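Right, one structure below, let's go through it.
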Amino acid sequence: MRTLITMMMAAAGLSMPLTATAQWNTDDTPRCVVDASGQSENYARAPQARRTADGRTWLYWMTWGRKQIGDNSYTAVRTYVQLLDADGCAVFDEPILVNDHATPMWWSDHKLCVASDGSAIVTVADSRCDEPSLEAGGKPSGFQAAIYKIDQEGNFLWGLDGITYPQFTGTPTTDAYVVGDDTYFIFKTSDTKYIQRISADGDEAWAEPRLWESESLNMQIIPSADDDLLLFDDGPEGARVHRLNRDLEEVWGSPLTYDPHTSGTKSQNPYRLASDGEGGAAVAYMYDQTKSASNIRVQYITADGSTSFGLEGLDAYDAPGYDHNYCNIAMNTETGEILVDFESKLDVGYTVMLQKFSTDGEYLFDPLARQIALKPLSNSYSFGPIGSGALPGGDWIVAWRDVEGYVRNSIVVSRYSRDGEQLWQRTIGSNLNPNSTTLIVEPDATYLFYRELNDDREPGIKALRIFNEHGDFADASQGIAERPSAAPRTAARYTLQGTRAMGRAPGLTIECTADGLVRKSLPTR
């Protein structure tokens with residue numbers, strides 16, 4: 001047990017930065033939540049955002065630079081996390097450095113998800129396995145996968161260097177999915193895939209990660225019924241889905257092929273998934289109709305392993321010969337309706353399209369979909385779908401980029417009724433250059449997170465909140481004043497020597513909180 005002794009800051013030499021008093025935007029100007037001004041253009045790349053059940057937001061991003069190893073310097077991929085509280089304020093006084101290892105290339109894939117207890121689970125691949133040889137002047141030659149768990153106080157629950165597998169190298173891609181209290185850690189090489197199940201406490205289910213056999217490197221997982229999971233991948237007969245128990249044993253006896261087209265085309269991977277809340281899922285993916293035209297295909301799979309959209313699924317645009325790309329899918333578990341939004345190039349111009357299905361495979365909009373945005377082909381720039389999400393009662397939020405030039409984008413967010421009527425639309429910015437945009441739709445509000453690449457517009461990770469009822473940027477019921485947090489946030493911990501502690505440690509620890517106090521944490525019996 002620990003007792004917190006509270007006192008005002010009085011000791012000289014303990015000057016420490018505290019959390020900035022920022023909050024969510026109250027107008028159509030996105031707030032900068034991770035500032036990259038004055039940083040290298042490689043800072044805050046490929047951000048990811050995930051919301052927690054208690055209304056907080058984890059951010060995870062990467063940068064790369066040089067790392068000195070002995071007398072030599074090598075490229076290092078660095079990954080960071082930051083946590084925003086319910087008011088949009090940063091919880092940690094500065095981002096937490098998760099990983100700082102050398103890498104043989106300038107890019108290393110990474111993933112963020114949120115555990116059932118609200119902690120962040122993050123993955124990365126790096127060349128820590130080569131660092132002894134690097135110090136001796138050798139050259140980096142391979143990757144090693146790693147996964148970390150970090151709680152909302154900044155503690156590294158699975159160790160400061162995470163859980164890793166030094167016996168497996170050559171791993172550029174890592175992924176993770178939370179199912180109940182377990183995390184399924186996936187890492188891939190050029191031709192092999194491995195899965196390990198890790199408990200909330202960091203215990204590994206198997207002595208060695210399981211080798212997974214499939215036709216492609218793409219795999220995705222979502223929870224199913226009875227603590228099972230659905231795993232989407234490709235098999236020799238086409239795109240398929242498995243229902244598996246926690247030990248990765250087949251529940252249906254064998255996987256279900258939901259599109260029998262041969263692998264090797266754009267279609268043979270699950271592009272977007274949406275759970276039906278009952279153990280089944282809808283999947284949308286792009287496939288080649290001809291050498292010059294693609295379409296979006298949709299399939300719905302129930303928890304018992306049946307497909308209700310036929311043996312090959314349904315086209316979101318029920319006609320051949322046009323080019324359709326970059327789809328998203330959402331499912332309203334209350335109404336049982338499936339919404340797909342996608343970009344198209346038609347004879348009339350570039351469009352953003354919506355199609356809606358029932359779980360019985362019925363087109364709920366026109367079979368040629370519903371056009372919600374249009375620009376002429378002569379424009380030479382098109383649209384970039386961001387995503388969609390369901391609201392209680394059957395309404396939808398849809399977001400996309402209106403591309404006017406390389407660094408001249410707008411973000412458009414709209415609400416549509418269950419019948420497809422536009423209820424409101426908001427256009428944010430006119431000179432944006434957003435990258436890696438995440439859309440999160442909740443019942444009351446919609447959140448957008450992206451990296452701004454335009455140096456003229458305060459580069460960094462931006463956040464935007466819109467209230468769903470009327471598309472307002474301020475909560476009229478609460479006013480725009482910042483609401484106090486329920487409890488002071490721990491901004492940072494330091495030892496008596498003034499060095500920052502990564503988490504709670506034995507002995508006396510000094511905790512700086514965002515309310516301007518310093519607390520000394522003493523272990524007691």
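The values are calculated or read from the model by the stated rules, or taken from the named source; none is laboratory data. These numbers come from a predicted model, not from an experiment. Positions of Cβ are generated from backbone atoms using ideal geometry, with glycine treated the same way; all protein chains shown enter the neighbour counts. These accessible areas exclude ligands, DNA and RNA; they are computed on the full protein's heavy atoms, side chains included. Shrake-Rupley method; radii C 1.70, N 1.55, O 1.52, S 1.80 Å.
Annotations
- Residues located in region 184-205, provided they are open to solvent by 30 Å² or more (accessible area, probe 1.4 Å) and either touching a residue at least 60 places away in the same chain (Cβ under 8 Å) or of a type in the set (A, V, I, L, M, F, W, C) (or both): Ala200, Ala205
- Boolean, Val124 is at pLDDT below 85, outside any helix (DSSP H, G or I), open to solvent by less than 10 Å² (accessible area, probe 1.4 Å) and of a type outside the set (S, T, N, Q): no
- When residues of region 166-183 are limited to those that are within 18 Å of Ile150 (Cβ to Cβ) and modelled with pLDDT of 95 or more, the one most open to solvent (accessible area, probe 1.4 Å): Asp181
- Per the conditions (1) surrounded by fewer than 23 Cβ atoms within 10 Å (Cβ to Cβ); (2) touching a strand residue (DSSP E or B) at 6+ places or on another chain (Cβ under 8 Å); (3) not aromatic (Phe, Trp, Tyr), the sole criterion not satisfied by Glu249 is (2).
- Matching residues in region 69-81 - criterion: being open to solvent by 10 Å² or more (accessible area, probe 1.4 Å) and assigned to a strand (DSSP E or B): Ile69, Asn72, Ser73, Tyr74, Thr75, Arg78, Tyr80
- Subset of region 79-121 (residues that are β-branched (Val, Ile, Thr) and modelled with pLDDT of 90 or more): Thr79, Val81, Val91, Ile96, Val98, Val114, Ile121
- Pairs, first touching a residue at least 60 places away in the same chain (Cβ under 8 Å) in region 210-227, second open to solvent by less than 30 Å² (accessible area, probe 1.4 Å) and assigned to a loop (DSSP other than H, G, I, E, B), C-beta under 7 Å, six or more apart: Ser224/Gly279; Ser224/Ala303; Ala225/Gly279; Ala225/Ala303
- Residue selection: Val283 fails the criterion of being of a type in the set (A, V, I, L, M, F, W, C) and open to solvent by 40 Å² or more (accessible area, probe 1.4 Å).
- Filter result (more than 28 Å from Thr307 (Cβ to Cβ) and modelled with pLDDT of 90 or more) within region 404-416: Asn409, Ser410, Ile411, Val412, Val413, Ser414, Arg415
Residues checked against (1) modelled with pLDDT of 95 or more; (2) of a type outside the set (S, T, N, Q); (3) within 30 Å of Trp206 (Cα to Cα):
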| site | (1), (2), (3) |
| --- | --- |
| Arg240 | no, yes, yes |
| Leu248 | yes, yes, yes |
| Asp259 | no, yes, no |
| Gly264 | no, yes, no |
| Ala274 | yes, yes, yes |
| Thr290 | no, no, no |
| Ala293 | no, yes, no |
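Residue-wise test of (1) of a type in the set (Asp, Glu); (2) at pLDDT 80 or above.
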{"position": "Arg2", "(1), (2)": "no, no"}
{"position": "Glu41", "(1), (2)": "yes, no"}
{"position": "Pro47", "(1), (2)": "no, yes"}
{"position": "Arg56", "(1), (2)": "no, yes"}
{"position": "Asn72", "(1), (2)": "no, no"}
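- Any hit, region 396-403, residues being open to solvent by 30 Å² or more (accessible area, probe 1.4 Å) and in contact (Cβ under 8 Å) with a residue 24 or more places away in the chain: yes
- Qualifying residue in region 272-282 (condition: within 20 Å of Asp366 (Cα to Cα) and not charged (D, E, K, R)): yes
- Total residues in region 441-488, condition at positive phi, modelled with pLDDT under 80 and either in a strand (DSSP E or B) or loosely packed, with under 14 Cβ neighbours inside 10 Å (or both): 1
- Test: residue in region 150-165 that is within 17 Å of Leu97 (Cα to Cα), under 19 Å from the mean Cα position of the chain (by Cα) and open to solvent by 10 Å² or more (accessible area, probe 1.4 Å): yes
- A count restricted to region 82-97 and to residues that are assigned to a strand (DSSP E or B) and either hydroxyl-bearing (Ser, Thr, Tyr) or within 13 Å of Ile461 (Cα to Cα) (or both) stands at 4.
- Qualifying residue in region 413-429 (condition: part of a strand (DSSP E or B), open to solvent by 20 Å² or more (accessible area, probe 1.4 Å), of a type in the set (S, T, N, Q) and over 26 Å from Ile296 (Cβ atoms)): no
- Taking (1) buried (at least 17 other Cβ atoms within 10 Å of the Cβ); (2) under 24 Å from Val114 (Cβ atoms); (3) touching a Gly at 6+ places or on another chain (Cβ under 8 Å) in turn, Asp259 satisfies each apart from (2).
- The set of residues in region 44-68 being farther than 21 Å from Cys89 by Cβ, open to solvent by less than 40 Å² (accessible area, probe 1.4 Å) and either among the polar types (S, T, N, Q) or in a loop (DSSP other than H, G, I, E, B) (or both) consists of Thr63 alone.
- Among the residues of region 221-241, the ones that are touching a strand residue (DSSP E or B) at 6+ places or on another chain (Cβ under 8 Å), more than 12 Å from Tyr258 (Cα to Cα) and acidic (Asp, Glu) come to 2 in all.
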